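The values are calculated or read from the model by the stated rules, or taken from the named source; none is laboratory data. What you see is a predicted model, and the numbers here were worked out from it, not measured in a lab. Positions of Cβ are generated from backbone atoms using ideal geometry, with glycine treated the same way; all protein chains shown enter the neighbour counts.
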There are 6 protein chains.
Amino acid sequence: MSGRLEAFRTEREKMNARILATGTMTTKRFFNLDTATYHDGALDALTKEFAGLSASMVLRCDDCIAYHVIRCYELGATEAQITEIFDVGLIVGGSIVIPHLRRARALLDELIEAAGPR
Amino acid sequence: MSGRLEAFRTEREKMNARILATGTMTTKRFFNLDTATYHDGALDALTKEFAGLSASMVLRCDDCIAYHVIRCYELGATEAQITEIFDVGLIVGGSIVIPHLRRARALLDELIEAAGPR
Amino acid sequence: MSGRLEAFRTEREKMNARILATGTMTTKRFFNLDTATYHDGALDALTKEFAGLSASMVLRCDDCIAYHVIRCYELGATEAQITEIFDVGLIVGGSIVIPHLRRARALLDELIEAAGPR
Amino acid sequence: MSGRLEAFRTEREKMNARILATGTMTTKRFFNLDTATYHDGALDALTKEFAGLSASMVLRCDDCIAYHVIRCYELGATEAQITEIFDVGLIVGGSIVIPHLRRARALLDELIEAAGPR
Amino acid sequence: MSGRLEAFRTEREKMNARILATGTMTTKRFFNLDTATYHDGALDALTKEFAGLSASMVLRCDDCIAYHVIRCYELGATEAQITEIFDVGLIVGGSIVIPHLRRARALLDELIEAAGPR
Amino acid sequence: MSGRLEAFRTEREKMNARILATGTMTTKRFFNLDTATYHDGALDALTKEFAGLSASMVLRCDDCIAYHVIRCYELGATEAQITEIFDVGLIVGGSIVIPHLRRARALLDELIEAAGPR
């Protein structure tokens, strides 16, 4: 795991813990729901992560994109598959998505370098 | 096919044809790209339609949601699978998605009634 | 209650019931959370409805705006107070909010006509 | 002027008048600013209307798109020029813009039919 | 006041001054309107800041969120009250808001540490 | 050219090249379309860059705003003209645009300092 990915995860976990420690019951329940949404069900977890990734791309949230790229990769998605979801995000969301695509591609490169291609 | 679905398709095809007849080379090429994005590739067409559906939900575009729900259903998605993509859109995009979910659910009901459940 | 308001409520309740009847546990839990968010707490319900109204305005969702205007009015907000939240939505969200403001104003007029001013 | 365009203008003017009659000083001042933004200045009015049109397209507001298409046409824009701004909106904003482009194209057709081509 | 909050304010004030020095009459007037919107009126300033905060959260603008959190805190909002507005933003806007919530929570922690809890 | 502008361009070109090297035919074609959209046509390139700038402002993408400000300046736009497009973005998009306007203004100042005013 590269330093940048590690830093992303550490900050993410630290502040999520802080939000849960200070949040209301509503806050906690929403975080639980968010996790449960991507579990295996009628669709497998990976298909739902792909759907979460395209949604994050068109809403243009770098941290959300990073999270779903990492999850897709952990669940066994190939580089070619993730690239095609990048296309869905790009075509649905337009050129405004490109700066986020640049950062998503850089992160995917880091993931592949750390773990080896598939 | 119910009257409402038929009306959606007729209007969509008529105005798409009009846009292509009056558009520039850029317009035409973008429409071609849009179609090509959802073809089978490293991911099958249905997985990409699911990704297009979740993206359309969080961007809250009724016509785009309708189009992708229809395509998912045509490609063999079950009601339970589409419902889980609705969840991804709802959790990523929040309560602001609910009015669009109401209309998407009504359209899915029409599709199922017209074609029978799976 | 005018015919238009009544139609909005009837359709909303019918399709919400349909979503809950067909939805997953995630769907149901999110709907419960959505309701709980606006209950009295450290802030009273009306202040949270005002916050929900401004959020709905800048996201430009007519149905959400309608719902929160109705709730604000039911909870005792004056016309002048709702108008100032309209200003927050307008200034934060810009001129793109104006078409939604036109529809929100028409709905508020209906509410006042039905119930009398305060 | 076709019936549909006339209906759009009548409703728009009626509710704008209602907003101004019931609004605060902030409301009124924002409406004045909105008008002043598109006056001739360092850039001519038409160039600013083009910029307003592309902004309205990527934010996907049908009424705002309609208003700026009408203004561009009134200020002398050709069909080919408006079509190129449609392209900017489409490429920046992506396929999610297409349903709005369908309605914008239909409105432009009405304008041209009513006034004759240029 | 911590170094990070101070840096935010210094940069904000410097560039706002620069925008006003180089802007048109429209620019200046909009900045004045923006300030006036949150003054006491039919609603007190704090209620309007809460509405501005929820709007900023769902539009996912870190600087705007930071500004309204600071203003809410200066006007006497408790941590529990701000947390409930965070919930409104989270439920209306969905999980895409979470990265911004992490940064908003970190900033609120800084404010409380600098000023003491209420 | 200042160090910051140079860094923006270097990173942009490096990652665009990486996206094209790893992308699908769809990715490559979209990038080509994106470039072609702003070429001289029925409208000159600068007018289309102005339209791209206002669209980028209301979608609040700093990198896209930076790119279009640079292109407008390269194509001969004056500071006063760019400032009026800033106004269009500000009025259409509202106060949520202001943080992006601060960064756009800082970048325009760098451009002018590097190249001299017009």
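Pairing each residue of the stretch C:1-20 that is under 24 Å from residue B:89 (Cβ atoms) with any residue that is among the aromatic types (Phe, Trp, Tyr) and at pLDDT 95 or above, provided the two are 6+ apart or on different chains, yields C-beta distances under 9 Å for C:8/C:67; C:12/C:67; C:16/C:31; C:19/B:86; C:19/C:31; C:20/C:31.
Candidates in the stretch D:1-39 are the residues that are more than 21 Å from residue D:79 (Cα to Cα) and part of a loop (DSSP other than H, G, I, E, B); of these, the one that is farthest from the other protein chains (Cβ to nearest Cβ) is D:39.
With the condition kept exactly as written, say whether any residue in the stretch E:58-71 is within 14 Å of chain B (Cβ to nearest Cβ) and part of a helix (DSSP H, G or I). Checking the stretch E:58-71: at least one residue is within 14 Å of chain B (Cβ to nearest Cβ) and part of a helix (DSSP H, G or I). Remark: pairs (first residue in the stretch A:68-82, within 15 Å of residue A:107 (Cα to Cα); second residue charged (D, E, K, R) and surrounded by fewer than 16 Cβ atoms within 10 Å (Cβ to Cβ); Cβ separation under 6 Å; 6+ apart in sequence or on different chains) = A:78/A:118.
The set of residues from the stretch A:47-57 being in contact (Cβ under 8 Å) with a residue 24 or more places away in the chain, within 14 Å of chain D (Cβ to nearest Cβ) and not hydroxyl-bearing (Ser, Thr, Tyr) comprises just one member, A:57. Restricting attention to the stretch C:72-100, the residues being away from chain F (no Cβ under 14 Å) and at positive phi number 1. In the set D:41, D:93, D:23, D:52, which member is touching a His at 6+ places or on another chain (Cβ under 7 Å), under 29 Å from residue E:37 (Cβ atoms), modelled with pLDDT of 95 or more and small (Gly, Ala, Ser)? From the options D:41, D:93, D:23, D:52, the qualifying one is D:52.
For residue C:47, are the conditions met, namely being farther than 30 Å from residue D:38 by Cβ and either surrounded by fewer than 24 Cβ atoms within 10 Å (Cβ to Cβ) or among the polar types (S, T, N, Q) (or both)?
Yes; evaluated as a whole, the condition is true for this residue.
Looking only at the stretch F:78-96, filter to residues that are closer than 18 Å to residue E:62 by Cβ and out of contact with any Cys (no Cβ under 9 Å at 6 or more places or on another chain); which one of those is surrounded by the most Cβ atoms within 10 Å (Cβ to Cβ)? The extreme case among them is F:93. Of all residues in the stretch A:81-118, those satisfying the criterion of being under 16 Å from the mean Cα position of the chain (by Cα) and over 24 Å from residue F:67 (Cβ atoms) are A:81, A:82, A:84, A:85, A:110, A:111, A:112. Within the stretch A:16-39, being of a type outside the set (Phe, Trp, Tyr), in contact with a Leu (Cβ under 8 Å, 6 or more places away or on another chain) and surrounded by 15 or more Cβ atoms within 10 Å (Cβ to Cβ) holds for A:19, A:26, A:27, A:29, A:33.
Of D:42, D:55, D:104, all but one fail to be touching a helix residue (DSSP H, G or I) at 6+ places or on another chain (Cβ under 6 Å), assigned to a loop (DSSP other than H, G, I, E, B) and either aliphatic (A, V, I, L, M) or crowded, with 17+ Cβ neighbours inside 10 Å (or both); the exception is D:42. When residue F:38 is tested against (1) under 26 Å from residue D:80 (Cβ atoms); (2) in contact (Cβ under 8 Å) with a residue 60 or more places away in the chain, only condition (2) is not met.
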